[in-house]
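The values are calculated or read from the model by the stated rules, or taken from the named source; none is laboratory data. What you see is a predicted model, and the numbers here were worked out from it, not measured in a lab. For neighbour counting, all protein chains shown are included, and Cβ atoms are generated from backbone atoms with ideal geometry for every residue, glycine included.
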Amino acid sequence: MQKTNGSPAARPTFLEDARINSDPARSESDFDGASPGAHITVEAPPRPALSRRTTVRGESVKSISEALRLARSREEQETLLGEHEQADDDGCYPPRSMDGPRAPNPHQSLPIYTTIHKIRRLIIASIDDPYSLEQLKSPRMNVAVIRPLVEHLYDPDDVSMVYCLLVNRVQFLREQSYQAHHQTVNITRANVCELIAARVLRRYDEDHEGRDGLLMLANVLVAGFEPFQNAPLEVINLNRTEVHWTIRWGLTRPEYQRMLTALEVAIVSESKNFLSTSACQKIVENVYRGRIIYTPTSFLDFLPDHYKNRGISLYDPRKAPYLNQYRLIVPRTRNILEVFQFVVLLVLYMLVMVYKAHTIGPSHLKFTIYELVFTIYAIGWVLDEIASVCEHGWTVHTENLWSFLDITFVVIFWTYFGIRVHGLATNDGSTSKLALDVLSMAAPILLPRLAFCLMSENMLFISLRAMMADFTFLTLLAVWCFGGFLIAMRWLSETQDGYIEHSVLTIAKWMLWIWFGLDGTGIQRSAEMHWLLGPTLMITFAFLGNTLFLTILVAMLSNTYTNLAQNATAEIQFRRAVLTFEGVKSDAIFAYRPPFNVLALLILLPLKWVLSPRWFHKVNITAVRVLNAPILLIVSIYERRYLWRRNRMLSPPRKHTWLTMWQHFGAHGDLQAVFETEPPQSVIDEMDDIDDVLGGEEWDQGFVNALRARRDSRATSIASGVWGRNMSRDPGFRPMNGFRRRSTREEMTSGSVAEV
């Protein structure tokens, strides 16, 4: 036991000082020996030490001024560029440093290959036992494993660290599928990579402020990186393959070969915890609204226009031209246009089915005006859908919420179109009637698809998509398993003399009715196959199918919905990230609305081989601006007024935001209104004075005493259980330089704290 007399290292804690001053009867003699209220100092257990990089990250405890500065920095990221910040003639900030149309890759010197393998060795050396995700998030694992790895890997000058971590996550997830004895360990290592990536991304967000910090964070997530970048020459020669056919034919950018973004890798690996972090959602939101613009990587372009290539920039609509064709591929604008295009498709489909011919014959051998318009428009819509699949690949496209509905409609439409053309070619009215019957099967697809578009963040539709996948898998498995029952009963029906021979379709119909519990005809008629074996097989199928498999199906669907509901926020933000990433298009064909995209493909694509890249770019943007002039004008006027405007009434919460507008009319309107105006400079100066007191010499007097001194003449409530008495009337204090000091006895009391 050791006494300390007023040294800074032995400062009394807040609760100790409050206890001392609230009880005047206590004196410094109470602290001569061990007391029940004395604090025991316990050393922290040692943890593994890794070499820490030199960072610009400050202390975790920030002053009030520092907190306000960070808050202003985040607000600055949500406001328009200042007058002193200049943008170029395309509305991009920072302005281009050279007059060339193509921006160079600013990250070509980063050692991506080396970083990927360094991270892999660190993760394997750190994790050799399986842990659940909850265990990895526990304080003990955070101190022992996660935090040292974050401190070691974080580098403010290397924006590829998050990409390299997510690439390792993909590899660990791939390894768990064929290494059964390391399966759970590899899942744990993959989860560790995701957690570290989220922590590193948060460091980038905290250490880089203002609009430059927003650009830095955007480079971390949407800049393209190549896995073999700056690899040794022998590694490049060993893994070198011939030039891809898309590059050889000029259908993609040569500099983007093998390039992927961290956001795309996170979507492919389904890193939902990473995508739901605030730093990641900040970039996703800004890219979705078009505040951050960049030229995306793509697998295949139907109508390639690669003359211009801009880097990651902030968009200032005031400096951009009114007819800016690049705003047509902003995810928010494109999402609105896609909903409108689908509504047009749905209306045309309804008109075709309402006004179709109802008698089989010559009336089916000619197109009605509605069917002709629908067919032309649907071809353009299907072309847009196929181009979307080729833009970022099948894996990313199928992560979209309504992708399975779109693909189903594409199959139905092409089936209808093929049968319709065959009926017209053979002059067969019944075949043409069959084409319209096939087209009628699209109604269960198109109507729910509209609901999916309008309520894309509804948990019902998100869970419905996942449950449909489980239902389809179990149904196919059941058909495979119960196929033997169908074949056996068909053979029994053949071998019985004098019995009716039942077809496969009839037996399958009976089994299906039993499967869903609709009718027991199959059990009654099974004796016609065999007096003993027929009923035995059918009753066995009823027990297994109607009882066992349906019970398993209900349990699987309930478990799927429960898991999704527990992680509803992560699921919604994951779908939002998929919608945003897929919405950023580089193919010029997306700038044309159906059915003009079909004409653009037929006319402009042959010109690609005749004109130079510069002249093809001029022809392309001229056609886009002429065909989309009203849309571009509306978008430009709207963005000049509202793109960077912060709507405080609709900011929090995100769900049911329209309800928050009525809070101002209720009894609790001031709770929100107090934060809607910035505090005046006098209040900010007063808060800075508190920082000066708490950080200066007055801190040695004690935390509570410093706050009391700062209050000066303002009285503290007698009813307060913390302050104990009205300090403004305390004779033990006297004003000195705007502060009050305690008596010598109280100073001695506060300076004598027992410490073990």
Condition met for residue 630 (out of contact with any Asp or Glu (no Cβ under 9 Å at 6 or more places or on another chain), exposed (fewer than 11 other Cβ atoms within 10 Å of the Cβ) and at pLDDT below 50):
no
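Here is a yes/no grid of residues against (1) farther than 25 Å from residue 616 by Cα; (2) under 30 Å from the mean Cα position of the chain (by Cα); (3) part of a loop (DSSP other than H, G, I, E, B):
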{"site": "301", "(1), (2), (3)": "no, yes, yes"}
{"site": "305", "(1), (2), (3)": "no, yes, yes"}
{"site": "317", "(1), (2), (3)": "yes, yes, yes"}
{"site": "327", "(1), (2), (3)": "no, yes, no"}
{"site": "337", "(1), (2), (3)": "yes, yes, no"}
{"site": "352", "(1), (2), (3)": "yes, no, no"}
{"site": "356", "(1), (2), (3)": "yes, no, yes"}
Applying the selection to the stretch 353-376, what residues are over 19 Å from residue 428 (Cα atoms) and of a type in the set (A, V, I, L, M)?
353, 354, 369, 373, 376
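Residue-by-condition table, conditions (1) small (Gly, Ala, Ser); (2) within 30 Å of residue 573 (Cα to Cα); (3) at pLDDT 85 or above; (4) in contact with a Cys (Cβ under 8 Å, 6 or more places away or on another chain):
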| site | (1), (2), (3), (4) |
| --- | --- |
| 369 | no, no, yes, no |
| 377 | no, no, yes, no |
| 401 | no, yes, no, no |
| 408 | no, yes, yes, no |
| 413 | no, no, yes, no |
| 425 | yes, no, yes, no |
| 429 | yes, no, no, no |
| 434 | no, no, yes, no |
Pairs under 6 Å by beta carbon, first residue closer than 23 Å to residue 217 by Cα and at pLDDT below 85 in the stretch 310-328, partner among the aliphatic types (A, V, I, L, M) and surrounded by fewer than 21 Cβ atoms within 10 Å (Cβ to Cβ), six or more apart or different chains?
310/103; 311/103
Count of residues meeting criterion [without any contact (Cβ under 8 Å) to a residue 24 or more places away in the chain and more than 26 Å from residue 627 (Cα to Cα)] in the stretch 565-605
1
Residue satisfying all of: in the stretch 171-214; hydroxyl-bearing (Ser, Thr, Tyr) and part of a loop (DSSP other than H, G, I, E, B); farthest from residue 133 (Cα to Cα) among these
178
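I need a count of the residues in the stretch 348-374 that are of a type in the set (Val, Ile, Thr) and in contact with a Lys or Arg (Cβ under 8 Å, 6 or more places away or on another chain).
Of the residues in the stretch 348-374, 2 are of a type in the set (Val, Ile, Thr) and in contact with a Lys or Arg (Cβ under 8 Å, 6 or more places away or on another chain).
Condition check ((1) at pLDDT 85 or above; (2) more than 27 Å from residue 294 (Cα to Cα)) across all residues:
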position	(1), (2)
554	yes, yes
557	yes, yes
561	yes, yes
573	yes, no
578	yes, no
585	no, no
593	yes, no
597	yes, no
From (1) in contact with an Asp or Glu (Cβ under 9 Å, 6 or more places away or on another chain); (2) outside any helix (DSSP H, G or I); (3) not β-branched (Val, Ile, Thr), pick out the condition that doesn't hold for residue 323.
(1)
Would you pick out the residues in the stretch 236-276 that are in a loop (DSSP other than H, G, I, E, B), buried (at least 16 other Cβ atoms within 10 Å of the Cβ), among the polar types (S, T, N, Q) and modelled with pLDDT of 55 or more?
269, 271, 276
Out of the residues in the stretch 406-434 that are out of contact with any His (no Cβ under 8 Å at 6 or more places or on another chain) and closer than 15 Å to residue 368 by Cβ, which is surrounded by the fewest Cβ atoms within 10 Å (Cβ to Cβ)?
424
Residues 429, 522, 483, 517: which one is in the same structural domain as residue 403 (by TED's automatic domain parsing) and either within 20 Å of residue 537 (Cβ to Cβ) or in contact with a Pro (Cβ under 9 Å, 6 or more places away or on another chain) (or both)?
429
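Tell me, which helices (runs of 4 or more DSSP H) wholly within the stretch 531-618 include 3 or more residues that are under 30 Å from residue 519 (Cβ atoms)?
By residue number, 533-541, 550-566.
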Pairs returned, first residue in the stretch 632-644 that is in contact (Cβ under 8 Å) with a residue 40 or more places away in the chain, second residue that is among the charged types (D, E, K, R) and part of a helix (DSSP H, G or I), beta-carbon separation under 6 angstrom, 6 or more apart or interchain, are 635/327
Identify, from the list 550, 518, the residue that is of a type outside the set (Val, Ile, Thr), within 30 Å of residue 568 (Cβ to Cβ) and modelled with pLDDT under 85.
550
Tally time: how many residues in the stretch 565-585 are of a type in the set (A, V, I, L, M) and more than 13 Å from the chain's Cα centre (by Cα)?
2
